[in-house]
Amino acid sequence: MVLVVLAFGLGIVFDRCLYLDWRFSSIAAWGCLFFWLGLKSSKLGHDYDRIGSTALLLGLVFLGSFWSHGRWCWFGESEIGRFASETAKPCCVEALVLSEPRWVAVQTEESNYKKETIRTKLVVKVTAIRDGVNWKATSGLSDLVIHLPTRHIRSGDRIRIFGRLVASAPPTNPGQFDFREFYRAKSKLAFVHVYNLASVHVVEPSGWSGTRLLSQLRLRLNELTWRYVSSDEAPFASAILLGNREQLSRPRRDAFLETGTVHLLAISGLHVGILAGSFFLLFRIGWVSRRNCLVMTILFVLFYAWLVEFRPPVSRAAILIVLFCFGRLRGENAFSFNLLAIAGLIVLMINPSDLFGIGPQLSFLAVATLTFGKRWVFWPPPNDPIKRLIVSTRSFHVRTLYWMGRKLRTAILASGLIWLVAMPLVAYRFHLIAPVALVLNPLLLVPIAWALYGGLGVLVFGWFSAPIANVCGWFCQINLFWIEWMIGVAQALPLSHTWTPGPLGWAVVVFYAGVFLFAVYPLAKLPGRALVGLMVGWIVCCWFVPDRIGEYRQIRSPNPLCCTFIDVGHGSSVLIQLPDGRNLLYDAGSLGSSGYGARNIAGVLWSERITCLDAVFLSHADVDHFNALSQIADQFEISVVYVSPQMLDSDSKAVEDLFQVLRDRRIPIESLALGRQFSGDTNDPNRSCKIEVLGPPINGTADNDNSDSIILALEHLGHRVLLPGDLEKTGLSLLLKSDPIDFDLVMAAHHGSKNSLPSEFMDWSTPEYVVISGGSQRVSDATVAMFAAASRQVARTDRDGAVRFEVGQRGLKLRRWKQDKWQ
C-alpha cells in the first residue's frame, strides 16, 4: 500500500506540474489496468508478475493524474466563479446556506487606533444570480462574509444577498501565500461580501433536515461553551471542542505559532485521540467487551467528526483512528505503514490537493515518525524478572513516580523526534524554528487533555445540570488559562523561537528523500551517531552554506540598485537593495490591517533571503506607512529606524506603541531631516549609491503629517529615484520651489491623490516611470490618465502586484510579479 499511495501521489504531482491531458491519463490508466489483468490471468511466471505489478503502479500514476485533474479543473459552465473578477462588483444572488454562522475576530486599524471587530462567515451554495431583471441559474460553493455579527441566518435557509462579488486573487508578491489555490482546492472560486444586515434576506426558512439539525446543535453547544467557560477562555474552548478557531484573535493565534504549539488550536489527531482513548478506557473498565468497545469508539469518532462538520484535520484523524480500530478488531497490535498508506490514499481520494497542504503533510509526517520511531520512543517495561520484582515491591508513591517518569520520558522523546523530523518543513513553510516546543509540548499534554475532559463535560451536562456544568467549565477554564500562561512565558524566553528564511526547496526534498530511504531500505539503517552526523551535515551543506554563498556573492559582486514596491493594499512599502549588498526599507504599513502588510513585506524579504535590514525609513506618522513595522521587527534584525522630527515628537497612541516595541528590541530610533546624505562605496561607481534627504525641514511645516513626509532621492550610475511619502501642502510647495531635478523613477506622492498636485509634481521631477502604491478602487483614474497623457509609464500595485525596478548601466528595467515569477 505504501507503493500504491506513492504512485497515486506521483500522478497528482505530474498533473499539477506537467498539466497532463485528462484523456491521455484516462486511456493510459485503463490500458495499464487491462495489461496487468492480462498478465495476471496468463500465469506466465514470476518475472511477468513483476512486469504486471510495474504496469499496475504506472496505471495508478495515471489514475492519480486523472483524478487530480477532475477535482482541480472541472467546474460547470454556470459556476459562480465565472461571474466573478478580482475587482469586487455589486451583485444580487440567491443561495442555500450550508453551515451555521461563524463569528470571526478581525483586528483593524483606522485613524491610528486598533480595534477588534466581529465578522460573520457562512458557506453557501449559490443557485442563481440576477442579470438586470432576469435570473440566471448558477452553481458552486462560496463563502458569504458579513462584516457584522449576526445569528439570524440558519443552515438550510434559502437567502437573497445584495453584496459585492469578488474572485480570490493570486499572489501579488513573492513569498505570499496563494489563497486562490487554497480556496480552489476547496472548490471555492468566489466570495460575497456584505456590509449591511439588511442586504441579506431570508427568502425561504429551512425545514428540519440533517444540516439544520447539525447547525442548531453546534450553535447550542457553542452557547453552552460561552455560558459555562469564562469569556476570556471561551474562544479557546470553542476552538478545541468545536473547531471554531476563527473566534480567537490573531495575536493569540500568533503566540501558539511562535511556540510551536499551534496544533493545539486545531482539532487534530491529538484531540481526537485523547477523546477516543478516554472513551475506550471508560467503557473498557466496565462490563463492555473489548470488541464492543472498539466498535463504540469507531461510532464515537464518526459522530464527533460529523459534529465538527468533517473539517479536514478531524477527518484525517477520524480516518486514522477508525482504520486503527478495524486493525485491532482483526488482531493487529500496532499501527503500521500499510495502515497509514491506506489512510493517505483515502485522504487523497477525497481531496487530491491535500498532497500539497501543510496540514496534511505535517499530520502524516508526525504519525509516520512515531510509527517508525516507536522503538526509540515507546520503551517497553523491563524484561528482567528481578527488576520487575524490585519495582513491584516499592511503595505506591515510588511506583507512581516511576510510572509518571516513564510517561514523561516517552512524551519528551516523541515530541523531540517529531519536532526534529518536521523542522525542515516547518522552517520552509513558516520561516520559524521553535526549540521551546521540545519542552513545552510534553508539558501541555496533561492540561490540554484535562481541558478537553472539562469541555466535554460542559457539552454534556450543560443541557440538564447547571451545577455540574459550572464545575466542568471552571475545570476547563483553569487548564486553558494554565496553557496560555505557559505559552506566554515560553514566548518571552530568549531564543524560544527564531525566524529564518528556511531551507531552499531542493534541500527539503533531499532531506525527506533521505528520511524515506532510511525508513524503508534495510541497508540504510545507521547508528545514532551517524544519524546525528548526517543531520548536522545536511544543515551545514544544504542550508547554511548556500545562504552564506548567496550573501558573499551579493556583497562581492556588483549588483544593480533594486527598488521593489510591495503590494500592501492601500499603504506603502519599498524594499531598496543597494549595489553594495545593504538592504533598506522605506515605509511598512497597510490601511486597515497591519497583519496583512506585515505578511506581504515579510514574504518578499524571505524570498530574497534577507534576515537583516540595515535601515528602515518611516516617511510620516500615518498608520498605512508604519503599522506593520512592529511585526517586521519581531521577525527581522533592524539596525536603525529613521523618522522625521515631527513623527519623533508625535503624541499618537499608535506611534508611541511602535516606539515602545522598537525600544524593547533595542532598535535605535533617529530623526531625519532635509540635507542628510548617505553614500556607499565611493571607490567603485558600480557599487556606489547616493541617498539624499530632500525633506522635511528640521522645524517642520506646521501643516500635518503628510506635509512633513521624509523625501528620499537615490542616485546610482546617473539614474535617480524619488520616494516622496504622502507629500502635500506646504511640504510639497517647498519642494516644487527648489531647483527641478530629472528623475527616472518616481513614486506618486500620497498614492496619487489630487492633494499631491500630480501634474505640477510630474513637471518638476520629469520621470520616465511612475509607481502608484495604493489599494483597489482608491487610486484616482483621473491621475492615472494624466500620467499616461504625459507619456509616463505607470505601474500600479493594486493591479500589477509587486513592481520591481532594476537600475543598472543600461538604465531601468521594469518587472512585475505575475504567475509566481518576475516578468
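The values are calculated or read from the model by the stated rules, or taken from the named source; none is laboratory data. What you see is a predicted model; the values in this text were computed from it and never measured. Here the Cβ positions follow ideal geometry from the backbone for every residue, glycine too, while neighbour counts run over all protein chains shown. Side chains included, ligands, DNA and RNA excluded: accessible areas come from the protein's heavy atoms. Shrake-Rupley method; radii C 1.70, N 1.55, O 1.52, S 1.80 Å.
A compact table of results
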| quantity | calculated |
| --- | --- |
| Net charge of neighbours whose Cβ lies under 15 Å from the Cβ of ARG676, counting Lys and Arg as +1 and Asp and Glu as -1 | -3 |
| MRE, 222 nm, helices only [DSSP H, n ≥ 4, -39500 (n - 2.57), over the chain, to nearest 500] | -15500 deg cm²/dmol |
| Net lengthening on full extension, GLU332/GLU86 (0.36 nm per residue, minus Cα-Cα) | 83.3 nm |
| Å² of accessible area per residue within the chain, as computed with a 1.4 Å probe and no ligands counted | 48 Å² |
| Accessible surface of the stretch 166-294 [probe 1.4 Å, protein heavy atoms]: carbon and sulfur percent | 60 percent |
| The stretch 269-421, relative contact order [Cα under 8 Å, separation at least 6], % | 18 percent |
| Stokes-Einstein diffusion coefficient of the stretch 151-257, Kirkwood radius over Cα pairs, 37 °C, 0.692 mPa s, in µm²/s | 194 µm²/s |
| Dipole axis of the chain (+1 Lys, Arg; -1 Asp, Glu on Cβ), positive-most option in LEU248, ALA513, ALA782 | ALA513 |
| Length released on extending from PHE177 to LEU302, taking residue separation times 0.36 nm less the Cα-Cα span | 41.8 nm |
| Given charges at beta-carbon only (K, R positive; D, E negative), |dipole| of the chain in Debye | 4220 debye |
| Two-site FRET efficiency, VAL532 against SER607, from Cβ-Cβ distance with R₀ of 30 Å, rounded to 0.05 | 0.45 |
| Protection proxy ranking, peptides 228-239, 355-366, average beta carbon neighbours within 10 Å, highest first | 228-239, 355-366 |
| For the stretch 698-741, the spread of Cα positions along each principal axis, largest first, Å | 36, 18, 17 |
| Neighbourhood net charge (11 Å Cβ-Cβ; Lys/Arg +1, Asp/Glu -1) for LEU221 | +1 |
| Length added when fully stretched, LEU3-ASP657, from 0.36 nm per residue minus Cα-Cα | 229.9 nm |
| Estimated FRET transfer efficiency when R0 is 60 angstrom, pair TYR552-ILE386 (beta carbons, to 0.05) | 0.45 |
| Spacing of the two label points (7 Å from each Cα toward its C-beta) at ASP739 and TRP822, in nm | 3.4 nm |
| Net charge of Cβ neighbours under 11 Å - reference HIS69; Lys, Arg +1; Asp, Glu -1 | +1 |
| Relative contact order, percent, the chain [alpha-carbon distance under 8 Å, six or more residues apart] | 9 percent |
| Probe 1.4 Å - accessible area at ARG548, Å² to nearest ten | 90 Å² |
| Inter-label distance for SER230 and SER780, nm, one decimal - labels placed 7 Å from Cα along Cα-to-Cβ | 5.3 nm |
| Simple spin-label estimate for ILE358 and LEU18 in nanometres, 7 Å along Cα-Cβ | 2.9 nm |
| Range of Cα positions in the chain per principal axis (Å), largest first | 93, 68, 68 |
| Tail fraction, Cα-Cα pairs, the stretch 622-690, threshold 20 Å, whole percent | 40 percent |
| √(5λ) per eigenvalue of the Cα gyration tensor, the stretch 420-505, largest first, Å | 36, 14, 9 |
| Backbone N under 12 Å from the VAL446 label point (7 Å along Cα→Cβ), restricted to the stretch 245-280 | none |
| Value of relative contact order over the stretch 529-670, rounded to a whole percent, pairs C-alpha under 8 Å and six or more apart | 17 percent |
